[in-house]
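Visitor: Sharing a structure here in structure tokens format.
Every number in this text was worked out from the coordinates using simple rules, so none of it is lab data. Treat the numbers as computed from the prediction; the structure is a model and nothing was measured. Please note: Cβ atoms are built from the backbone with ideal geometry, for glycine as well, and neighbour counts cover all protein chains shown.
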Amino acid sequence: MPENGRMSVPIPPVPLDVQHRASLRDHNTFGLPAVARTLVHLKSEADVRRVVDHPDYGLAPKFILGGGSNVVLTHDLDAVVLKVEIKGRRLLREDADAWIVEAGAGESWHDIVAWTLENGWPGLENMALIPGLMGASPVQNIGAYGVELKDRFESLDAVDLVTGRSVTLGAAECQFGYRDSVFKQTGFGGLAGKSVITRVRLRLPKPWQPVRGYLDIERKLAETGQHEPDAKTVFDWICAIRRAKLPDPAVIGNAGSFFKNPVVTPEQCRDIIGRDPEIVHYLMPDGSIKLAAGWLIDACGWKGKSVGRAGVYDKQALVLVNRGGASGAEVVTLARAIQESVYGRFGIRLEPEPIIV
Ligand SMILES: Cc1cc2nc3c(=O)[nH]c(=O)nc-3n(C[C@H](O)[C@H](O)[C@H](O)COP(=O)(O)OP(=O)(O)OC[C@H]3O[C@@H](n4cnc5c(N)ncnc54)[C@H](O)[C@@H]3O)c2cc1C
């Protein structure tokens with residue numbers, strides 16, 4: 001008995017929130033059918049360590065799931081599915097030249113964009129309405145309308161799924177590239193599936209400047225006559241542009257752009273332009289040329305076409321859609337057929353953007 005006469009009562013371990021044989025249909029924006037043998041809801045960083053120490057899950061293969069807006073599920077999952085639901089958001093500090101904000105990996109990306117603007121911390125408006133969660137935003141270095149996550153990135157926290165150790169990584173360690181980072185890489189040194197991102201910090205620079213240059217934004221400037229829009233106006237424009245162009249996953253299942261825009265050398269581009277003078281292409285700062293994948297797919301006649309219950313969106317050939325009841329296998333079959341016809345006509349291999357599981 002301790003001196004003060006009180007018994008020391010052991011604190012009971014906090015149980016993990018686990019579901020068995022859980023349908024993932026509502027957890028992926030394509031609406032594809034798949035069942036997770038085990039689904040663990042991660043509410044905190046401590047939950048990640050509980051999984052690592054767990055007698056059944058610790059050594060089992062795992063799959064990390066955010067909002068499911070960049071995955072194609074082709075089968076039921078035997079791996080333990082870790083659904084990231086870590087919440088929390090705050091202004092970490094304000095410097096003379098930036099606001100630094102921090103959010104839990106389970107926060108909605110778009111909600112964080114709206115929250116920063118409401119608080120007068122602009123800088124994320126061009127990336128409004130990108131579906132998915134904060135924790136996945138560094139995975140493929142999300143980007144839209146001339147701004148990428150890496151342009152606003154400060155650092156992130158992640159937990160290693162083997163050791164349970166927490167690490168903080170800066171931009172260099174994340175190895176950001178075009179729709180790429182170390183968290184998407186599977187080879188030596190890659191962290192795909194090995195670490196759960198738990199928290200992300202962003203740097204929103206002062207003074208704020210609108211990022212223009214994209215045709216759709218220039219069109220809005222011309223239409224409205226507003227040549228010095230504020231960040232909230234740009235946010236509203238981006239939301240309107242995206243709603244007009246992209247299918248709402250709540251109505252038509254999809255994962256946004258299905259293929260990355262291929263990057264080619266100037267020689268390759270000259271050769272393709274020689275054959276197809278209309279091809280949509282952009283000069284990159286390093287001298288390479290980015291071709292519009294949607295244009296290549298459209299040129300092969302795919303817009304509006306279907307294979308089984310998977311189809312190509314009729315307003316934007318870069319988006320594959322679930323026409324109702326499609327399986328992941330149907331989506332992959334359609335994607336392969338598109339890749340083959342684009343390769344046959346242009347000699348270019350299209351690379352899928354979502355993770356095919
Ligand atoms: C209509 C539509 C429009 C889109 N527009 C854009 C766009 O403009 N720009 C753009 O870049 N993307 C776009 N996307 C793709 C998608 O929204 C982004 O890639 C988003 O970041 C995915 O987030 P998520 O939480 O849904 O990730 P998920 O789809 O759940 O996961 C994607 C990958 O990240 C991994 N992952 C998820 N969370 C974590 C974590 N916490 N730690 C470690 N790994 C993790 C998963 O294992 C998986 O490999 C769009 C998608 C849709 C449906």
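Visitor: Once every DSSP H run of n ≥ 4 in the chain is given -39500 (n - 2.57) and the sum is divided by its residues, what mean residue ellipticity at 222 nm do you get, rounded to the nearest 500 deg cm²/dmol?
Guide: That calculation yields -7000 deg cm²/dmol at 222 nm.
Visitor: Ok, one more. In terms of Cα to Cα distance under 22 Å, which lysines are near enough to K206, apart from those fewer than 8 places away along the same chain?
Guide: In chain and number order, the partners are K150, K232.
Visitor: Could you size up the charge dipole of region 253-356 around its Cα centre, putting +1 on the beta carbon of Lys and Arg and -1 on that of Asp and Glu, and report it in debye to the nearest 20? Each step should come with its number before you reach the end.
Guide: Details: 12 positive and 11 negative charges, 60 e Å.
For region 253-356, the charge dipole is close to 280 debye.
Visitor: Let me ask something else. By what distance, in whole Å, do the Cα atoms of the chain stretch along each of the three principal axes, largest value first?
Guide: Here the spans come out as 88, 51, 38 Å, largest first.
Visitor: Could I ask something else about it? Roughly how far apart, in whole Å, are the Cα centres of region 301-324 and region 188-226?
Guide: Each part's Cα centre sits 28 Å from the other's.
Visitor: So for region 89-205, Kirkwood radius off the Cα pairs, Stokes-Einstein at 37 °C and 0.692 mPa s: how many µm² s⁻¹?
Guide: On the way: Rh = 14.3 Å.
D = 230 µm²/s.
Visitor: Excluding same-chain residues fewer than 8 positions from K43, which lysines have a Cα within less than 19 Å of its Cα?
Guide: K62, K83, K87, K194
Visitor: For region 220-357, list log₁₀ I(q)/I(0) at each q in 0.09, 0.20 Å⁻¹, using the Debye formula over Cα point scatterers of equal strength and ignoring solvent, two decimals each.
Guide: -0.34, -1.15
Visitor: Could I ask something else about it? Which one, V196, A98, A171, is farthest towards the positive end of the dipole of region 89-205 when Lys and Arg carry +1 and Asp and Glu -1 on their Cβ?
Guide: About the Cα centre, the residue reaching furthest to the positive side is V196.
Visitor: For region 145-291, what is the convex hull volume of its Cα atoms per residue in Å³?
Guide: Cα-based convex hull of region 145-291, divided per residue, equals 188 Å³.
Visitor: Give the average over all directions of the projected area of the C-alpha convex hull of region 17-84, one decimal, in nm². Before the final figure, lay out each step's value.
Guide: Values: hull surface 16.7 nm².
Value for region 17-84: 4.2 nm².
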